[in-house]
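Engineer: Handing you this structure, nothing more for now.
Each reported figure results from applying straightforward, stated rules to the coordinates on display, with no laboratory input. Just so it is clear, the structure is predicted and the values come from calculations on it, not from any experiment. Cβ atoms come from the backbone with ideal geometry, glycine included; neighbour counts cover every protein chain shown.
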Protein chains: 2
Amino acid sequence: MMISTRGRYALRVMLDLAEHHGEGYIPMKVVAGRQNISLKYLERILPVLTRNHLIEGIQGKGGGYRLTEEPAKYRVGDILRLTEGDLAPVACLGSGAKACERADSCKTLPMWRKFYRITNEFFDGITLAELLDNI
Amino acid sequence: MMISTRGRYALRVMLDLAEHHGEGYIPMKVVAGRQNISLKYLERILPVLTRNHLIEGIQGKGGGYRLTEEPAKYRVGDILRLTEGDLAPVACLGSGAKACERADSCKTLPMWRKFYRITNEFFDGITLAELLDNI
DNA sequence: CATATTCCTATTGACCTGGTAGGTTTTTTG
DNA sequence: CAAAAAACCTACCAGGTCAATAGGAATATG
């Protein structure tokens, strides 16, 4: 299993916000209700999206979240990388990659690298707008 | 992280056996030593490969394991699916998939399915023989 | 001030991962 | 025949991750 609920929920929230883009700030309570996801759990997932300015939230009554840009501007890959850490298929690739001393002679490394590239390209080739349109 | 050590170790063992194919039965102790993997841990990974006749082992002194076929016959995908369960990117696909009640309206499901297909095709398109030749 | 919201931190139970431990059975060899 | 070497089997364990829950603090509105 490559993508956990963290990434999947984040994507669903982003899609929900995209669907209601232009309607101002939407309380996460509403999104959680529509998507049937625990609000409390979502609150722990969202900060990484706000810190990186994919969404913006304002506090207080009447507050909520909204996308900072048009749905077409968001690549699925960016959302998943932020919430999942990275999309590396194996431990020796990706962000926290401690160099493997077998790397030079490793017969499988090129394969993993190629798959890593394909994965990133696949998810970077899809935007929220396209998902909304069922493309 | 999609592929755990289980799958990676299995693949390395298969590659090691492929590299020494034609040399008869090779003790796992030797492979574990060459690959620097815990023998005991390997012993827990191998049964699924023997049960599915990818390799065969004979007991007793002078025993060991060998491939049942030529290295070119083995698809990486088969080895990974056996040892990892499946290559599904999300829980709602793959073997133990309990049907999601949101499946019909799910905007992301087609994307996951497409990626699932790409993943299987990618790893099924590579054989042990090709890995040995650094293709 | 009451309310509604984001934001923050700690905790928890279940499961998975990577590995260890301690054998039993089977076969070959000296 | 006895010893050694190998596959095979089952239980256990420490650490981490996942998915969530809990309980608030800060902030803004009306």
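Engineer: Check the range B:78-94 and report whether any residue there is without any contact (Cβ under 8 Å) to a residue 60 or more places away in the chain and exposed (fewer than 13 other Cβ atoms within 10 Å of the Cβ).
Structural biologist: no
Engineer: Same structure again: Which members of the range A:36-54 meet the condition of being touching a residue at least 24 places away in the same chain (Cβ under 8 Å) and not in a helix (DSSP H, G or I)?
Structural biologist: A:ILE37, A:LEU46, A:ASN52, A:LEU54
Engineer: Here is a follow-up. Please specify each residue of the range A:58-113 satisfying the condition of being within 16 Å of DNA strand D (Cβ to nearest atom), away from chain B (no Cβ under 14 Å) and out of contact with any helix residue (DSSP H, G or I) (no Cβ under 8 Å at 6 or more places or on another chain).
Structural biologist: A:ILE58, A:GLN59, A:GLY60, A:LYS61, A:GLY62, A:GLY63
Engineer: Please enumerate the residues belonging to the range A:120-135 that are without any contact (Cβ under 8 Å) to a residue 60 or more places away in the chain, more than 8 Å from every other protein chain (Cβ to nearest Cβ) and surrounded by 13 or more Cβ atoms within 10 Å (Cβ to Cβ).
Structural biologist: Within the range A:120-135, A:ASN120, A:ASP124, A:THR127, A:GLU130 qualify.
Engineer: Could you identify the single residue in B:GLY57, B:GLY94, B:GLY33 that is among the small types (Gly, Ala, Ser), over 24 Å from A:ILE118 (Cα atoms) and not in a helix (DSSP H, G or I)?
Structural biologist: Result: B:GLY57 is the single residue among B:GLY57, B:GLY94, B:GLY33 that is among the small types (Gly, Ala, Ser), over 24 Å from A:ILE118 (Cα atoms) and not in a helix (DSSP H, G or I).
Engineer: Further, regarding this structure: From (1) more than 11 Å from DNA strand C (Cβ to nearest atom); (2) under 13 Å from the mean Cα position of the chain (by Cα), pick out the condition that doesn't hold for A:THR50.
Structural biologist: Only one criterion in (1) more than 11 Å from DNA strand C (Cβ to nearest atom); (2) under 13 Å from the mean Cα position of the chain (by Cα) is unmet by A:THR50, namely (1).
Engineer: Residues that are facing chain A (nearest Cβ under 10 Å), within 13 Å of DNA strand C (Cβ to nearest atom), under 27 Å from A:ILE3 (Cβ atoms) and not in a helix (DSSP H, G or I): does the range B:4-14 have at least one?
Structural biologist: yes
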